[in-house]
Amino acid sequence: MGVDQYHEPPEELPAETRTFARLCASLEEESQAIGWYQQRLAVEPDPEARSIMADAQGEEFKHFAMDLEFLLRRTPRWRQIAEGVLFKDGDIVEHGEAAEAESGDEAGAAAAAAPDDGSLGIGSLKGEG
Ligand SMILES: [Fe+2]
């Protein structure tokens with residue numbers, strides 16, 4: 001992977017942003033692994049092999065969830081939108097549109113993402129969640 005996960009020169013990125021990018025890359029990898037196991041399970045006839053694959057896919061579900069929780073804790077607007085969409089019955093798109101609208105306008109989001117204190121507007125894990 002190396003520096004491929006960065007879209008901007010890594011030396012110009014704050015450590016906090018590099019960590020964030022690493023977890024985004026990890027989230028992608030876990031999601032990809034979940035999809036691969038789903039395909040393998042769809043074609044594998046051997047029950048013992050299927051059992052192992054299903055167990056492995058469960059691990060990837062856990063990894064994905066942990067990566068996502070980390071990213072949501074560090075990104076309040078993302079968390080707010082996710083809370084408006086996840087684990088709800090009904091129309092997913094409607095929930096998404098409403099959650100995005102409720103999360104504030106673009107200017108507000110930009111201000112939240114780049115506060116005056118030089119941080120990225122992403123909170124500490126302490127006392128959250
Ligand atoms: Fe994993």
Looking at this structure, is Leu71 closer than 23 Å to Phe20 by Cα, at pLDDT below 95 and in contact with a helix residue (DSSP H, G or I) (Cβ under 6 Å, 6 or more places away or on another chain)?
no
Given the condition open to solvent by less than 50 Å² (accessible area, probe 1.4 Å), out of contact with any His (no Cβ under 9 Å at 6 or more places or on another chain) and either within 29 Å of His95 (Cβ to Cβ) or at pLDDT below 95 (or both), answer yes or no: does some residue in region 43-55 qualify?
no
Selection count where residues are under 30 Å from Ala54 (Cβ atoms) and surrounded by 12 or more Cβ atoms within 10 Å (Cβ to Cβ), scope region 1-21:
1
If you go through region 22-42 one residue at a time, do you hit one that is of a type in the set (D, E, K, R), open to solvent by 70 Å² or more (accessible area, probe 1.4 Å) and more than 19 Å from the chain's Cα centre (by Cα)?
yes
Index of the failed condition, Glu83 passing every other in (1) touching a Lys or Arg at 6+ places or on another chain (Cβ under 7 Å); (2) open to solvent by 50 Å² or more (accessible area, probe 1.4 Å)
(1)
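The values are calculated or read from the model by the stated rules, or taken from the named source; none is laboratory data. All of these numbers come straight from a predicted model, not from anything done at the bench. Using ideal geometry, Cβ is built from the backbone for each residue, glycine included, and neighbour counts are taken over all protein chains shown. Note: accessible area is taken over every heavy atom of the protein model, side chains too, but ligands, DNA and RNA are not part of it. Shrake-Rupley method; radii C 1.70, N 1.55, O 1.52, S 1.80 Å.
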